[in-house]
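Heads up: the structure comes next, in structure tokens.
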Ligand SMILES: [Zn+2]
């Protein structure tokens, strides 16, 4: 009999699983904390997602840092993902200012390992 490969295999890597849980907890925490606020980009729709300005894959240190998060709606987020990231991001970058911009580009160069202990502390921090 043929062995079937599941389309989305659930990872057995404990660090990866912990990272996924912490990522979800962070998004839930952001939505909860900023409930009732409007999208930073369009100013119309409610906040639905925390977009990482510096991509998660580019910085561990900014992965759970709110300064790196643009609180936006799904519509604006899909623009970033599928259409024109700069159109949405540039507007918010301007609003945040040069000081923030310089800080974040410096911060992303700092190294941090996502250890079990660190991820567990983040999970605890974001527990609603
Ligand atoms: Zn929006």
### Task
Kindly indicate whether any position in the stretch 100-122 is surrounded by 15 or more Cβ atoms within 10 Å (Cβ to Cβ), under 17 Å from residue 31 (Cβ atoms) and either at pLDDT 95 or above or under 15 Å from the mean Cα position of the chain (by Cα) (or both).
yes
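Given the options 30, 62, name the one that is touching a helix residue (DSSP H, G or I) at 6+ places or on another chain (Cβ under 6 Å) and either more than 11 Å from the ligand (Cβ to nearest atom) or over 21 Å from residue 85 (Cβ atoms) (or both). Even if it seems obvious, please write down each step before you answer.
Details: 30 fails: touching a helix residue (DSSP H, G or I) at 6+ places or on another chain (Cβ under 6 Å).
Only one candidate qualifies: 62.
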### Condition broken by residue 40, with the remaining ones in (1) touching a residue at least 40 places away in the same chain (Cβ under 8 Å); (2) out of contact with any strand residue (DSSP E or B) (no Cβ under 6 Å at 6 or more places or on another chain) satisfied
(2)
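Going through 36, 43 one at a time, which residue ends up being over 23 Å from residue 20 (Cα atoms), surrounded by fewer than 16 Cβ atoms within 10 Å (Cβ to Cβ), modelled with pLDDT of 95 or more and away from the ligand (no atom under 14 Å from the Cβ)?
Details: 43 fails: away from the ligand (no atom under 14 Å from the Cβ).
After ruling out the rest, the residue left standing is 36.
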### Failed criterion for residue 91 (all others in (1) within 14 Å of the ligand (Cβ to nearest atom); (2) assigned to a helix (DSSP H, G or I); (3) within 15 Å of the chain's Cα centre (by Cα) hold)
(3)
### Message
Just the residues that are in contact with a helix residue (DSSP H, G or I) (Cβ under 7 Å, 6 or more places away or on another chain) and touching a residue at least 40 places away in the same chain (Cβ under 8 Å), please, taken from the stretch 100-119.
### Response
104, 108, 114, 116, 119
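For the subset of the stretch 87-99 comprising residues that are surrounded by 10 or more Cβ atoms within 10 Å (Cβ to Cβ) and out of contact with any helix residue (DSSP H, G or I) (no Cβ under 8 Å at 6 or more places or on another chain), which member is farthest from residue 49 (Cα to Cα)?
First, pick out the residues of the stretch 87-99 that are surrounded by 10 or more Cβ atoms within 10 Å (Cβ to Cβ): 87-97.
If we keep only those that are out of contact with any helix residue (DSSP H, G or I) (no Cβ under 8 Å at 6 or more places or on another chain) as well, we get 90-92, 94-97.
Details: 90: 18, 91: 17, 92: 15, 94: 20, 95: 19, 96: 18, 97: 22 Å.
Selected residue: 97.
The values are calculated or read from the model by the stated rules, or taken from the named source; none is laboratory data. Note that the coordinates shown come from a computational prediction; the quantities given were computed from them, not determined experimentally. Glycine also receives a Cβ, built like all others from the backbone with ideal geometry; neighbour counts cover every protein chain displayed.
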